[in-house]
Amino acid sequence: MAVQFILCFNKQGVMRLVRWFDVHSSDSQRSQDAIAQIYRLISSRDHKHQSNFVEFSDSTKLIYRRYAGLYFVMGVDLLDDEPIYLCHIHLFVEVLDAFFGNVCELDIVFNFYKAYMIMDEMFIGGEIQEISKDMLLERLSILDRLD
Amino acid sequence: MGSSLRSFIKDVRGAKTLADERATITKQSAKIRTKLRDDHLPHDKRRLNIQKLLYLYILGEKTHFGQVESINLIASDDFVDKRLGYLAATLLLDGSEDLLTLLTNMLNNDLHHPNKYAVSLALTSLGFLSSPELARDLYPDVENIIKNSKDPFLLKKALQCAAKLIFKDTSLLEIFNIEDITEILCNHSICTHGVLLGVTKILQSILAIGLNREKNDDEGDIDYKNDILSPLSLLLRDFLTRLENLNSKNIEPGYDVQGICDPFLQCEMLYTLKLYFQVGELMDSNSVLDYKDNFCDLLTRIATNTDCTKNSGQAILYETVKTIFSLNLNQPLRVLGVNILAKFLAGKDNNTKYVSLNTLLKVVPQEPTAVQRHRKFISHCLQDSDISIRMRALELSFAILDDSNLVEIINELMKFLAEQDEESKDSVVYTIDHLIDTFDTYVVKDENWKLDVFLNVLKLVGPFINYEKINDILIIINNTAQLSDKSDFLQKLLTISLDGKSAEISDDNIGWQLVLIWCIGEYGGLISSGNTKSNTEVVNESSITDYLLNLQECYTTTNHKIINYILTTSLKLSVKFHDPKNIEKLRQLILHYADSTDLLLQMKSNQYEIFFNQPISTRKIILETMPKFEKITEKQNNVKNISKNLISSGPADLLSDLLNDDSKTDIKPPKSGNVKPLDLLEEIFGEKKNTNDPPKSKENEGSVNLPLPVSADSDVILPPDVPKIHDSTSLNVYASLLSADSGSAHIELFFQAKSPVFDLQIFCAVPRAQKLTMGQLYPSSTIKANQICKQSLKISGSGKMKLRIKLDFHLSGSSSAINEQFDHKFEKTL
């Protein structure tokens with residue numbers, strides 16, 4: 001049970017957040033190819049009538065959800081439990097929203113390093129590490145002030 | 001952070017065209033590269049450039065040149081720099097060993113840093129970068145935090161890191177101390193949900209090692225069962241109680257997700273417990289298995305009490321069901337599990353339907369009747385708008401099919417086929433394949449109904465059916481016992497095709513036409529003799545003849561397969577029709593192809609013309625009804641013996657000789673030459689014939705288009721004792737020296753793919769004094785995981801036998817080619 005990668009991109013396929021958790025196998029060309037494939041696959045799916053899960057390769061399936069114009073995608077093992085990862089995504093978006101205050105795409109574009117900070121407080125090496133929104137926000141506001 | 005980053009991002013975003021954007025990015029990227037190379041660059045500028053670089057990384061630009069610089073930032077005393085450095089390192093590093101070594105030292109320092117936020121950064125990064133080397137070097141530092149820190153914030157991260165490190169280097173199990181975990185669990189002030197998550201992760205790591213260990217039979221120095229599992233099982237009681245408390249609604253507001261208390265932790269705990277019992281069973285450990293009843297009780301409670309209407313509840317229930325089936329727990333629990341999945345199916349949410357169908361597919365073998373009970377919901381999913389759900393519902397429909405529900409399910413499937421269009425070709429093909437298999441496996445009493453099913457299939461999706469499956473359908477028709485059923489079937493086909501409503505059948509419905517033409521040839525006599533309740537105004541000898549002529553004109557240039565069928569049918573009809581005018585028309589039809597440019601048609605036309613000139617009595621024998629055809633699924637040795645008794649079964653005998661070794665499907669020749677197949681036709685015509693004439697069955701073989709057995713993708717099998725000469729992450733290569741006489745050698749190379757390999761190209765070189773001839777790569781240049789393909793090499797010349805082999809191939813999910821090269825020396829000398 002571990003997330004292999006987290007992506008966030010808009011409807012045009014411009015990446016907003018990219019995080020690979022398995023650093024040792026990442027090769028920039030291959031990951032770019034994979035990203036392009038993932039975008040094509042997900043953007044072609046019916047937003048209303050299709051499930052939020054889709055098999056991607058022999059080792060990966062995608063769990064995704066669209067919030068306004070932004071897709072949040074997680075790559076997980078084929079045997080993993082899909083619904084709980086939807087909860088992961090939702091929690092992440094809720095925290096982003098609370099942290100930025102009604103978050104929009106531009107917040108993430110200009111403050112991508114803060115979005116990564118939030119992601120890294122929630123996930124460690126692809127595993128979820130904190131689930132309490134209050135605790136996360138409290139911690140994040142301290143970290144944010146350290147600037 | 002600085003406004004300069006903002007304006008940088010704005011510049012990139014502001015580009016009006018793609019070319020503009022590219023130009024801006026290339027310019028900025030070059031600028032960053034030069035700046036970073038400058039050793040005298042002021043500190044704040046350095047930081048800024050790394051930030052810009054990270055933005056370029058997100059956009060997918062090349063950023064490797066910033067790797068060293070980001071590690072340098074980590075060394076800074078300034079926390080903000082350190083934080084940026086770690087972020088850059090975890091994003092930009094690509095696992096190159098040198099840089100990781102550089103990083104080890106910094107991580108080591110920061111794990112002891114007085115600032116807990118610096119420690120936290122180091123832990124987070126270690127979680128990303130855990131390699132076996134880092135694991136060995138840094139585990140003691142992480143363990144130190146687990147033992148001494150009272151801060152849940154650090155503790156949870158340290159636990160997660162330890163889980164990763166132990167998994168990377170299993171020898172760490174020897175140092176790992178379970179009491180550290182026990183202490184944490186006892187200390188309420190530090191045991192937050194985050195820390196508990198960390199604990200589940202570390203347990204999962206250790207248990208997963210246990211599972212793998214037994215499989216690999218690699219015992220090592222540790223007695224896993226006694227030294228690891230027994231102490232670990234002391235935590236079980238505590239774990240079960242915690243999970244029960246979590247689940248039983250004592251809501252803590254901070255962890256509430258849609259009315260469920262911390263579904264994340266519940267899922268992780270369930271998963272951990274599942275691993276416990278898997279390992280326990282594997283190692284037959286009583287210390288674990290003693291708790292099994294408690295666990296079953298708890299699962300029952302979770303399954304009954306958890307709210308299944310919300311995503312968070314579903315996640316827990318789903319994990320529960322998976323646990324029940326992967327441990328194959330008792331029957332009532334399994335039925336409960338299936339019922340939960342059925343509840344998911346009945347809902348409207350496509351996510352839960354998808355998950356449920358996927359899981360049901362897996363559990364059908366364990367609990368078939370329970371799944372069958374929910375057939376209604378499964379059939380309902382056949383109508384879903386999501387193709388992936390339809391496809392799974394389809395698979396599941398066939399998986400639960402048996403004698404008791406055959407008719408209902410097939411009727412559902414007909415409804416399903418009626419709604420398919422061009423885009424869902426895959427699911428149609430899948431349905432037809434399985435439908436044919438189904439009729440091969442199950443005995444259907446009402447054969448009339450069975451033929452109706454195929455009539456519908458042909459009508460609905462005929463254009464999608466490939467020739468091989470058409471042949472299978474023809475066999476099924478041919479093997480139908482009652483002649484009246486077959487003639488009814490033809491009657492229905494003809495009525496649709498001939499009575500002007502043929503708009504129902506489109507021109508590209510080749511499947512329909514082929515079956516119709518074949519059936520006319522075989523059973524046309526029954527229609528024309530007026531032996532059925534036929535509507536003679538629409539269906540009669542002349543209309544059938546004209547129809548064939550029309551078809552022939554229609555497809556004369558486009559589809560030679562159909563013309564082939566028409567020729568054979570025309571010949572067969574020559575003995576079944578009575579009206580000389582029609583028979584002459586058919587003869588002309590055949591003659592029409594006597595000088596066809598298609599060699600096969602030309603040959604057929606000429607051969608048939610010769611038959612045509614034989615007296616009718618001879619032709620009748622030649623054009624006897626097809627005998628019953630049997631598909632043999634297993635290799636049957638007696639096939640040969642039977643066929644040897646047949647004077648006439650030459651071709652079949654050769655075929656079975658050829659195919660017996662490597663083919664799964666086979667054709668059984670007619671049972672015996674002197675047992676007469678059903679001879680109703682001749683009874684109808686009132687002419688009794690001596691049926692033992694040798695030429696008869698021979699011509700049966702020759703004149704009718706019956707399927708030749710297609711050898712099922714004959715897999716290449718690796719011969720035993722072939723030495724491995726190359727082993728990479730994607731392929732194993734083996735070489736077998738078949739012969740090595742003076743001056744020439746024959747070698748076979750076997751390529752075994754570890755994961756699917758595409759477009760494999762093999763280049764070989766031999767020393768100058770030798771010449772190399774390469775055969776074809778067999779069976780193809782695409783190899784599925786674990787399958788093998790073969791390449792034969794012939795070497796002639798003299799001297800030592802050396803090969804240099806270069807491989808080019810693609811892996812799935814990547815378009816860039818991978819190259820591998822290696823040398824191999826054989827011991828023999830030419």
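Every read-out reported here was derived from the displayed coordinates using simple, explicitly stated rules and does not represent laboratory data. Small disclaimer: the values here were computed from a predicted structure and weren't measured. Please note: Cβ atoms are built from the backbone with ideal geometry, for glycine as well, and neighbour counts cover all protein chains shown.
Charge dipole (Cα centre; +1 on Lys/Arg Cβ, -1 on Asp/Glu Cβ; no other charges) of region B:724-829 amounts to roughly 260 debye.
Considering only B:SER543, B:ILE717, B:ALA88, and ranking their Cα positions along the charge dipole of the protein assembly as shown that arises from unit charges at the beta-carbon of Lys, Arg, Asp and Glu, the one farthest toward the positive end is B:SER543. Remark: mean inter-chain Cβ contacts per residue of A:129-138 equal 6, using a 10 Å Cβ-Cβ cutoff to other protein chain atoms.
Here the Karplus relation 6.51 cos²θ - 1.76 cosθ + 1.60, evaluated at θ = phi - 60°, turns the backbone of region B:507-515 into coupling constants of 4, 8, 7, 4, x, 4, 4, 4, 5 Hz, with x for every Gly and Pro.
Computing FRET efficiency as 1/(1 + (r/R0)^6) for B:GLU630 and A:ASP134, where r is the C-beta to C-beta distance and R0 is 56 Å, gives about 0.20. Remark: region B:1-142 carries a charge dipole of roughly 840 debye about the Cα centre, counting +1 on each Lys and Arg Cβ and -1 on each Asp and Glu Cβ. Modelled spin labels at B:ARG22 and B:VAL68, positioned 7 Å past Cα toward Cβ, are 3.1 nm from each other.
Quick one: dipole size for region B:437-622, taken about the Cα centre, charges +1 on Lys/Arg Cβ and -1 on Asp/Glu Cβ, in debye to the nearest 20. Before the final figure, lay out the partial values.
Values: 17 positive and 23 negative charges, 94 e Å.
Dipole magnitude for region B:437-622 comes out near 440 debye.
Spin-label model, B:SER385 to B:LYS806: label points 7 Å out along the Cα-to-beta-carbon direction sit 5.3 nm apart.
Beyond a 21 Å Cα-Cα separation, which of these cross-linked pairs lie in this structure: B:LYS754/B:LYS825; B:LYS116/B:LYS156; B:LYS486/B:LYS561; A:LYS48/B:LYS310?
Details: B:LYS754/B:LYS825 24 Å; B:LYS116/B:LYS156 13 Å; B:LYS486/B:LYS561 23 Å; A:LYS48/B:LYS310 18 Å.
Exceeds cut-off: B:LYS754/B:LYS825; B:LYS486/B:LYS561.
Farthest towards the positive end of the charge dipole of chain B, among the residues B:LEU165, B:THR300, B:GLY775, is the Cα of B:GLY775, using unit charges on the Cβ of Lys, Arg, Asp and Glu.
In what sequence do B:THR480, B:THR557, B:THR323 fall when counting other Cβ within 10 Å, fewest first?
On the way: B:THR480 17, B:THR557 9, B:THR323 23.
Ascending number of Cβ neighbours within 10 Å: B:THR557, B:THR480, B:THR323.
In chain B, taking the dipole from charged Cβ atoms about the Cα centre, the farthest positive-side position among B:PHE439, B:ASN311, B:ASN187 is held by B:ASN311.
Computed per residue of the protein assembly as shown from DSSP H runs no shorter than four, each worth -39500 (n - 2.57), the mean residue ellipticity at 222 nm is -17500 deg cm²/dmol. Placing pseudo-labels 7 Å out from each Cα toward the beta carbon at B:GLU244 and B:GLU179 gives an inter-label distance of 2.9 nm.
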